[in-house]
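Quick note: the coordinates plus some simple rules give every number you see, no bench work behind them. Since we're looking at a predicted model, the values are computed, not measured. As a convention, Cβ positions derive from the backbone with ideal geometry for all residues, glycine included, and neighbour counts pool all protein chains shown.
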Amino acid sequence: MLLSLPAHPDLRKIVVLNSKGGSGKTTLAVNLAGYLAKQGRRVALMDFDPQQSAIQWRAKRPKACPEIYGIPAHKRDHSVTRSFQYRLPREIEYLVVDSPAAVTDDRLLEFTHAAHAILVPVLPSAIDTRAASKLIAGLLLKAKVSRRMGRLGVLVNRAREHTTAYKKLQAFLDRLSISAITVLRDSQNYVRSGEFGLSIHDMRPSDVSADLHGWRALIDWLDSRTAKALTTRDLWPLAQTGMGATRGSEQLQDCFESKRPALGVR
């Protein structure tokens, strides 16, 4: 079931996805929300993760910091409609969605529907690369996320660009024409800031200058994605039918099958 969100007509929806736990998904979501709030954007953070780490982070946020609206979405309230439960204040301009871990392929469209940007954080390990490849396959083949529209972006957490794992991931993404946006460094600044409901963007720039370097490419990519209006394909991906669509799906499936041995995917 697709989620309808009565909201600002120019709402920009950013979804952070990874079916494997420990990928840095929530850390990315809260720091992204913190960045947008710091820029004066009216932002909401919707937390579908049962651990509710993003909502707990928001609860610790100092009152002096720019406000971030929070929506605990992990538990369905059957006394109201989904649209009412997940409603947004009319003034909200940006929605950052922290999706649940272990989300199945059948539910991907629920989160990616009408998203301007879909971010997949990946750790530099063979296990995480395999999990990411399966997730990307589901996004392209099941949720029908268009590669051509460029809404899907992968970023690498805690990695060095010249490692074997990084090169394998990059080669796989290049074959699928998906952006590898940036590499975010392993830093205790994410831990320190998170303890107090802060993002690294709320800290003194001199203390986090090395961390912010990796964010520049990510922010540029997000700005370009959110500046584009959604297409009919983005809003109704399953409406794509016909021989061309079928042939495209078959070619994409062949691509995944050919890459499985290199990635260690069975």
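Please give every one of the aspartates and glutamates within straight-line cross-link reach of LYS167, meaning a C-alpha to C-alpha distance under 20 Å, and leave out same-chain neighbours fewer than 8 residues apart.
ASP128, ASP186, GLU257
Once fully extended, how much extra length lies between ASP186 and ASP207, figured as 0.36 nm per residue of separation less the alpha-carbon to alpha-carbon distance? All intermediate terms of the calculation are to be shown ahead of the outcome.
On the way: separation 21, 0.36 × 21 = 7.56 nm, distance 1.45 nm.
Net length gain for the segment: 6.1 nm.
What trypsin sites (Lys or Arg not before Pro) in the stretch 37-146 are in a loop by DSSP, with at most 12 other Cβ atoms within 10 Å of the Cβ?
Values: sites: LYS38, ARG41, ARG42, ARG58, LYS60, LYS63, LYS75, ARG76, ARG82, ARG87, ARG90, ARG107, ARG130, LYS134, LYS142, LYS144; in loops: ARG41, ARG42, LYS60, LYS63, LYS75, ARG76, ARG87, ARG90, LYS142, LYS144.
Counting only loop positions with at most 12 other Cβ atoms within 10 Å, the trypsin sites (Lys or Arg not before Pro) in the stretch 37-146 are LYS60, LYS63, LYS75, ARG76, ARG90.
Give me the one-decimal nm value for the distance between modelled label points at ASP77 and LYS63, 7 Å along each residue's Cα-to-Cβ direction.
In this crude label model, ASP77 to LYS63 measures out at 2.5 nm.
Could you name the lysines in cross-link range of LYS228, using Cα to Cα under 25 Å and dropping any fewer than eight places away on the same chain?
Candidates past the 8-residue exclusion: LYS13, LYS25, LYS38, LYS142, LYS144.
In whole angstrom, and with the biggest value first, how far do the Cα coordinates of the stretch 12-263 range along each principal axis?
Result, largest extent first: 55, 48, 31 Å.
Can you give the net charge of the other residues whose Cβ lies under 11 Å from the Cβ of SER146, counting K and R as +1 and D and E as -1?
Values: positive: LYS144, ARG147, ARG148, ARG151, ARG233; negative: ASP234.
In short, +4.
How do the peptides 203-210, 18-25, 150-157, 93-100 rank, highest first, by the average count of neighbouring beta carbon atoms within 10 Å per residue? Walk me through the intermediate numbers first.
Working: 203-210: 11.5, 18-25: 19.8, 150-157: 22.6, 93-100: 24.1.
Averaged packing, sorted descending, gives the order 93-100, 150-157, 18-25, 203-210.
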